[in-house]
Amino acid sequence: MPKHNILKIVTLIFILAWFALSVLVLAHYPGSKFIYSVFSITFLAMLTGGLYKQDSYCYMFLTVFMWLGFWLKFTVHAISGARYAEPIGAFIPIPTSLDNILVISTLAAFAVIVAGFLCRLIPGGAAYCSVKQNICPQWYPRFRKWLWLGLWLCIILIPGLNTVLGINQIGLVPRTILHWPLNFLIAWFLGIGLSMGIVTLLWWDILVKTKPLQGIFAILTEASIVSASLLSRGTFLWHVLPAVAASAKNFKELFTAISKRKVFLAGCAAALLFAVSFTMANTMRQYFYSADVISVLSSKGNSDYKGNNVKGLTLAVKGFVAEFTDFFQKASSMVIGRWIGVEGVMAVSAYPLKGRDTFLKALMEKRELGKADFYQSVCQSGVGDDLYFQVGSLPGFAAFFYYSGSLLVIFIGVLLFTLAITFSEVAVGYLTGNPFMCSLWGLAAANTAAQLSAPRQMLPYFFAIICAVVFIRFIRCDYI
């Protein structure tokens, strides 16, 4: 079947599903039917603009994240009546409150739509996502083998070191504090640094006409190992999806020599590795989050540490099989519950002290180890200061700008933030000439916006990315 026919069929099925779900909500929604209709149509328009002939990976990922976190989540919960997985503070779901939430969400989506329109309208606003700069360092073929060897060692050693020392694991305060800036660098390499190295060498392999299979295998392997090391079930997707998006958009230019059979096998391998890494992360969470392990970690010099640790690991290995059998159930629940969006708006809308001072307080907040951040009190998550756990909910950038209590600030804030991260992708494309790097940056920036909580805390992370991008630009110059 021709590709365009498949796309037409998928699009038709999606529109029918969207229409059916919207009608179901209208039949039960206690608030204004008109407000929900505008909310639903606006988010559909935003998603369409993000996917149809889009020149920016960042904008595409952002619209998908927002659609999942706002429209899909609200719609499914409105139909099922189920409680939200994330805390919503003092919010009471009465008709007027629900209408207010939909108005705020619609305004944020409209700001994203306007930002997308401006990016297309302004010269140079289209982000770099196609193959244009075919520049590879002349020295690369001579050192290719050693670069890949060094990168493979990093892919194995850094996540392994993180698992043993507990430097950066989701929900846990670091168990080991190394000399500055080693903790930050290890966390950064796990978050995006290793992925940046892989997509750089993968891109150069493509430019020198080398088969990209090693790069594809490296992406899948790194995503699996890092996901388990971080105890993060979503990391696998964040490290694989950028390469998938860049490959899909530039497939003819990048992979002319790869057969459809190999593409299918790569897809099957990715699906299997995702299931394994997802299960491994769940299993390790149960181990590290258990009361027995925490009590052992909190007892320095405890002679029973080794025996308890071995016992805990044995139970974790046995639990892996049980977790794997529940993979589809848990993964499907995350399709709805994983995305940040509407709960944050609910929690902030019910917070009584919104205003300029609250907004500035959240803007300048700096997180501290073992201390709950400001949003935990807003959403009433029940998370307090803890010496061993570092868990909590996230508001997202729409809710973050609503700390001000002003709809105008929401619109301007979301608009400018979207423009800033979208145009930043243009700079990444100019410096690296690498569509995989643009896609990786785009997802990281979009995910930061969708989960925005403490902007100040993200500055070192993105500064390190910028330094790495500039370094890549420098070493690919001909005179090096």
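The values are calculated or read from the model by the stated rules, or taken from the named source; none is laboratory data. Note that the structure is predicted; figures quoted are calculated from it, not measured. Heads up, the Cβs are rebuilt from the backbone with ideal geometry, glycines too, and the neighbour counts pull from every protein chain shown. Ligands, DNA and RNA are excluded from the accessible area calculation, which covers all protein heavy atoms including side chains. Shrake-Rupley method; radii C 1.70, N 1.55, O 1.52, S 1.80 Å.
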Hits in segment 186-212 - residues which are touching a residue at least 40 places away in the same chain (Cβ under 8 Å), surrounded by fewer than 16 Cβ atoms within 10 Å (Cβ to Cβ) and either among the charged types (D, E, K, R) or part of a helix (DSSP H, G or I) (or both)
Lys211
Would you mention how many residues in segment 29-44 are touching a residue at least 60 places away in the same chain (Cβ under 8 Å) and open to solvent by 30 Å² or more (accessible area, probe 1.4 Å)?
4
Given the conditions (1) closer than 24 Å to Val378 by Cβ; (2) touching a residue at least 60 places away in the same chain (Cβ under 8 Å), which single one is not true for Ala78?
(2)
Residues that are open to solvent by 30 Å² or more (accessible area, probe 1.4 Å) and in contact with a Cys (Cβ under 9 Å, 6 or more places away or on another chain), at least 2 per element: which helices (runs of 4 or more DSSP H) completely within segment 399-480 meet that?
407-432
If you take the residues of segment 119-147 that are under 26 Å from the mean Cα position of the chain (by Cα) and crowded, with 16+ Cβ neighbours inside 10 Å, which of them is modelled with the highest pLDDT?
Cys119
Looking at Leu26, Leu47, Leu16, can you tell me which residue is surrounded by fewer than 19 Cβ atoms within 10 Å (Cβ to Cβ) and either in contact with a strand residue (DSSP E or B) (Cβ under 8 Å, 6 or more places away or on another chain) or within 27 Å of Leu241 (Cβ to Cβ) (or both)?
Leu16
Condition met for Leu107 (open to solvent by less than 70 Å² (accessible area, probe 1.4 Å) and either hydroxyl-bearing (Ser, Thr, Tyr) or out of contact with any strand residue (DSSP E or B) (no Cβ under 9 Å at 6 or more places or on another chain) (or both))
yes
Could you run through segment 70-90 and say how many residues are polar (S, T, N, Q) and open to solvent by less than 50 Å² (accessible area, probe 1.4 Å)?
1
